[in-house]
1. In the set Thr82, Thr97, which member is loosely packed, with under 14 Cβ neighbours inside 10 Å and under 23 Å from Val121 (Cβ atoms)?
2. Of the residues Ala73, Ala129, Ala61, only one is at pLDDT 95 or above, among the small types (Gly, Ala, Ser) and loosely packed, with under 15 Cβ neighbours inside 10 Å; which?
3. For the stretch 26-46, how many residues meet the condition of being more than 19 Å from Ala68 (Cα to Cα) and either among the basic types (Lys, Arg) or crowded, with 17+ Cβ neighbours inside 10 Å (or both)?
4. Those residues that are surrounded by 14 or more Cβ atoms within 10 Å (Cβ to Cβ) and either on the phi > 0 side of the Ramachandran plot or assigned to a helix (DSSP H, G or I) (or both), I need them from the stretch 116-126; list them, please.
5. Can you confirm whether Val113 is of a type outside the set (D, E, K, R), closer than 19 Å to Ala37 by Cβ and not in a strand (DSSP E or B)?
6. Pairs needed: first member in the stretch 128-140, closer than 21 Å to Ile6 by Cα and touching a residue at least 40 places away in the same chain (Cβ under 8 Å); second member anywhere, hydroxyl-bearing (Ser, Thr, Tyr) and exposed (fewer than 10 other Cβ atoms within 10 Å of the Cβ); C-beta distance under 6 Å; at least 6 residues apart or different chains.
7. Starting from residues that are in a loop (DSSP other than H, G, I, E, B) and either over 18 Å from Ala37 (Cβ atoms) or aliphatic (A, V, I, L, M) (or both), keep the ones in the stretch 85-103 and report whichever is farthest from the chain's Cα centre (by Cα).
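The values are calculated or read from the model by the stated rules, or taken from the named source; none is laboratory data. None of the values given here were measured: they were computed from a predicted structure. Cβ sites come from the backbone with ideal geometry, for glycine too, and all protein chains shown count toward neighbours.
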Amino acid sequence: MHVRNILDTKGSRVTTIRPDATIGATSRLLAQQRIGAVLVTDAADKIVGIISERDIVAGLANHGATVADLTVADLMTRDVLTCSPGDTIADIMVVMTTRRVRHLPVVDEGRLVGVISIGDVVKYRLDEAKLEVESLRDYVLAGR
């Protein structure tokens, strides 16, 4: 299976924020959207970073309460790994595990088309396993 299969189910909505937004505003956005990371884009909607709950917690540890006044550019991860719709779920799992990332933007021909989270991958794999078990059960019961 491929990344496009997850996007077909999940949808392609992507939440973004600008680098000059405050960490306070970013925290509110993450909470409101119930997401763990947000892509950082410039005025041309080019990905320039990603900021996650983990980045904000590290910022809090380093800066204390003043972290809310810092900008996204101060804390974001700039080296953003991406994937494409044609990448396999197995390949994405390897990247997420070895590189210790929980979110991968999906880029197709230079255009942002979605975001895949580790939760999306786990859900997809569980659904796939459930379908396989049901198919095997039906096969065994049909042979009786």
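1. From the options Thr82, Thr97, the qualifying one is Thr97.
2. Being at pLDDT 95 or above, among the small types (Gly, Ala, Ser) and loosely packed, with under 15 Cβ neighbours inside 10 Å holds for just one of Ala73, Ala129, Ala61, which is Ala61.
3. Here is the first cut: in the stretch 26-46, the residues more than 19 Å from Ala68 (Cα to Cα) are 41-46.
If we keep only those that are either among the basic types (Lys, Arg) or crowded, with 17+ Cβ neighbours inside 10 Å (or both) too, we end up with 41, 46.
Number satisfying all stated conditions: 2.
4. Ile118, Asp120, Val121, Lys123, Tyr124, Arg125, listed by residue number.
5. Values: of a type outside the set (D, E, K, R): yes; closer than 19 Å to Ala37 by Cβ: yes; not in a strand (DSSP E or B): no.
So Val113 fails the test.
6. none
7. That would be Gly86.
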